[in-house]
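Here's the structure we're looking at; comments come further down.
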Amino acid sequence: MILEVIQKRKEFSGHSAPIYAICSDDSYLYSASGDKFVCRWNKQLGTQDGFTVKLENTPLSLCLLKETNQLLIGTNSGGIHVIDMDQKKEISDLKAHFFGVFYLLENQTRKQFYSADANGKLCVWSTKSLSLQLEIPTNAGKIRRLHLFDEDQYIALACEDGRVRIFDTLYFNEITSWSAHNLACTSLLVLDANTFVSGGKDALLKIWDQKTKVNSLSLKAHNYVIYDMISLCNGSVLATASRDKSIKLWDTASWKVISKIDFKNGGHKHSVNALLKQNEYSFVSCSDDAKMIEWHLNF
């Protein structure tokens, strides 16, 4: 079935340690690795183009700001390096976190970006001035994922205490929170106006009513923690990535598995850490095996 549903298009290889985060623009992929390098890759050729950033600390998160063409690199020491991609040099090292920065996310509507760390702190920054606008200590433990929805008016946090927390992005009032997983909540997204999806350290994929936050379905989706998820094919397919070394594609109408991608059919040897959506039919995965793979859905 995998050969019919999904095709492996390209493999990017060159790092010497796990890849924890990836981001992209129209021409390039960017990868953050445990070898303490952030590298840039030509999407068409599948090769490094010569631009690299060598760091003193391990990079854990990446975000390419579309507003300013600046690359943000969050590290395990709590620092956020800002690289001007036009000048190809570091212009700032932002200091607000004292623990690893696990996620970075731009809000173009508000002209802000957000950083979340291993100790439950969420920071709000100006993309224009790079100034710190707000610090929110959630006391939630590690925040692994952030997700904007409803035209960037709200942001959802996947928290180590198992809860999902939702803030508005105007005043940053906490709108709601609920206990989503018995162990850590590690991934989430709003699939459509009626459906919220979360994944956890408990390996469960949970489907929630977007308005009432009532759990309508719980699936034993993987063998270990679900690290990331993305929607594809205009919401009709959900892709999940796990520490169990696999990626699964789900039909969101039936919540049945369409395809499972693992090492025996061209996937990763080790934990799959992140997924990057390219378009509705294409995405890139990265792994502890130090590789990135580009996939295309044959729908």
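The values are calculated or read from the model by the stated rules, or taken from the named source; none is laboratory data. Keep in mind that this is a model prediction, so the values were computed, not measured. Positions of Cβ are generated from backbone atoms using ideal geometry, with glycine treated the same way; all protein chains shown enter the neighbour counts.
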Only listed residue being in contact with a Cys (Cβ under 7 Å, 6 or more places away or on another chain), farther than 15 Å from M292 by Cα and of a type in the set (A, V, I, L, M, F, W, C), chosen from L72, L55, L60: L72
Would you kindly identify the strands (runs of 3 or more DSSP E) lying entirely within segment 29-71 that contain at least 2 residues that are modelled with pLDDT of 95 or more and in contact with a Leu (Cβ under 9 Å, 6 or more places away or on another chain)? 37-42, 59-65
On the given criteria, is F98 within 16 Å of L64 (Cα to Cα) and hydrophobic (A, V, I, L, M, F, W, C)? no
Considering only residues that are in contact with a Gly (Cβ under 7 Å, 6 or more places away or on another chain) and part of a strand (DSSP E or B), which ones fall in segment 230-273? T240, I247, I261
Residue satisfying all of: in segment 188-217; within 16 Å of R163 (Cβ to Cβ) and among the polar types (S, T, N, Q); surrounded by the most Cβ atoms within 10 Å (Cβ to Cβ) among these: S198
Residue selected from segment 218-258 under the condition among the hydroxyl-bearing types (S, T, Y) and more than 23 Å from A156 (Cβ to Cβ), by the criterion surrounded by the most Cβ atoms within 10 Å (Cβ to Cβ): S246
Quick one: how many residues across segment 38-74 are more than 19 Å from L275 (Cα to Cα) and among the hydrophobic types (A, V, I, L, M, F, W, C)? 4
Could you list, in sequence order, all residues of segment 259-277 that are closer than 18 Å to A32 by Cβ and crowded, with 16+ Cβ neighbours inside 10 Å? H268, S271, V272, N273, A274, L275, L276
